[in-house]
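Every read-out reported here was derived from the displayed coordinates using simple, explicitly stated rules and does not represent laboratory data. Owing to the predicted nature of the structure, the values given are computational and were not obtained by experimental measurement. Quick reminder, even Gly has a Cβ in these numbers, built from the backbone with ideal geometry, and neighbours come from all protein chains shown.
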Amino acid sequence: MILVGHLGATEKDGQYCKSRNVKQSERFFHDLLTRLGTDYVDVVMLHNFNVMNDYEQATKPGGQADLARRLQQEGKARALGISVHRVDVAARAVEEGLVDVLMLPAEVSPVRCLSYTLAQVGVSLALPGVKDRAELREALHTLEATAAEQDFGMLVAAFERYVEGECVYCNHCLPCPVHIDVGQVHRLVDLAQLGQDVQAAYDVLAERASACTGCGACMERCPFGVDVIAGMERAAALFE
Ligand code: SF4
Ligand code: SF4
């Protein structure tokens, strides 16, 4: 098991909130160590970079990158990583020798994703993130998958699909000032469109899509270019 702690994944009013504040990042990092009952994580991850000047801010003297290095020196993290949604930012972090670990999103099968990753020059290790046993089994299937299952030629097509503005339910767009769980609302809309009855799941949400004020704050933060306001209107029409 590899423990990863994200610097800058914080919480505000009960909702996830990305922060570049160094003091706040450190406080939440120590909170993570306490909750996990550990003195260190294997990887301290600079969290969620979608634009270059955000990266430049974080790598300035006294920024989050310096904090990550200090945590390493204090023995609270072994390796330094970065989670990004943009190839140019990822490439720069690698070229500048900033990180040991790179975290990028993918929307393909675990087998194809892992096969692609392990096929790349310079990659010695791939760490699949799993949330339950079924996902772990899927990832481990890579070890015995057929060549056809491992064929990642369709990756390019998948990435074209990825830039179309589809929600991947990551909630990187939060916090929402009216406390809408944007990722979950989109997920329920998608499930409903696949024919599943998810009305009951929608009805227990803390806040409904119709509460959306159209402020657009989430759309500025969404790394996937999702039209959230339209998504909330769709959800309200569907479920309310
Ligand atoms: S709208 Fe964007 S940031 Fe928000 S959950 Fe969907 S993909 Fe993630
Ligand atoms: S546009 Fe709607 S969903 Fe997005 S942050 Fe504003 S109120 Fe929340």
Ranked from fewest to most other Cβ atoms within 10 Å of their own Cβ, Tyr116, Tyr169 fall in the order Tyr169, Tyr116
Which of Thr117, Gly75, Cys212, positive extreme of dipole for the chain (C-beta unit charges): Gly75
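Can you sort Val87, Val198, Val41 from fewest to most other Cβ atoms within 10 Å of each residue's own Cβ?
Val87, Val198, Val41
Using 0.36 nm times the number of residues separating Leu125 and Met52, minus their current alpha carbon distance, what extension gain do you get?
Between Leu125 and Met52, full extension yields 23.7 nm more.
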Looking only at Ser109, Ser210, Ser124, which one moves most when the chain is put into a Gaussian network model with springs between Cα atoms under 10 Å? Ser124
State which helices in the chain qualify, where a helix is a whole DSSP H run, it must extend 20 Å or more along its own axis by its Cα atoms, and its mean Kyte-Doolittle hydropathy must be at least -0.5. 22-36
Along each principal axis of its Cα atoms, how long is region 155-240 end to end? Whole angstroms, biggest number first, please. 38, 30, 17
Principal axis dimensions, region 109-153 - Cα atoms, whole angstrom, descending: 30, 22, 16
Principal axis extents for the chain, Cα atoms only, whole Å, descending order, please. 53, 48, 35
Can you tally the net charge around Ser19? Count Lys and Arg as +1, Asp and Glu as -1, for every other residue whose Cβ sits under 15 Å from the Cβ of Ser19. +1
So which residue, out of Gln120, Gln150, Gln57, gets the largest mean-square fluctuation from a GNM of the chain using Cα contacts under 10 Å as springs? Gln120
Please check: in the Gaussian network model of the chain (C-alpha springs, under 10 Å), which one of Leu80, Leu102, Leu36 has the largest mean-square fluctuation. Leu36
Rotationally averaged projected area of region 18-161 (alpha carbon convex hull; nm²): 10.0
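Report, in deg cm²/dmol and to the nearest 500, the calculated mean residue ellipticity at 222 nm for the chain, where each DSSP H run with n ≥ 4 adds -39500 (n - 2.57) and the sum is divided by the residue count. Walk me through the intermediate numbers first.
Values: 12 runs with 105 residues, N = 240.
So the calculated ellipticity at 222 nm is -12000 deg cm²/dmol.
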Percent antiparallel among DSSP beta bridges (both partners in the chain, rounded to 5): 25
Using the beta-carbon distance between Gln196 and Glu233 and R0 = 25 Å, what value does 1/(1 + (r/R0)^6) give for FRET efficiency, to the nearest 0.05? 0.75
Which value, in debye to the nearest 20, gives the size of the charge dipole of region 1-104 about its Cα centre, when Lys and Arg are +1 and Asp and Glu are -1 at the Cβ? 180
With +1 on each Lys and Arg Cβ and -1 on each Asp and Glu Cβ, and nothing else charged, work out how big the dipole of the chain is about its Cα centre, in Debye to the nearest 20. 700
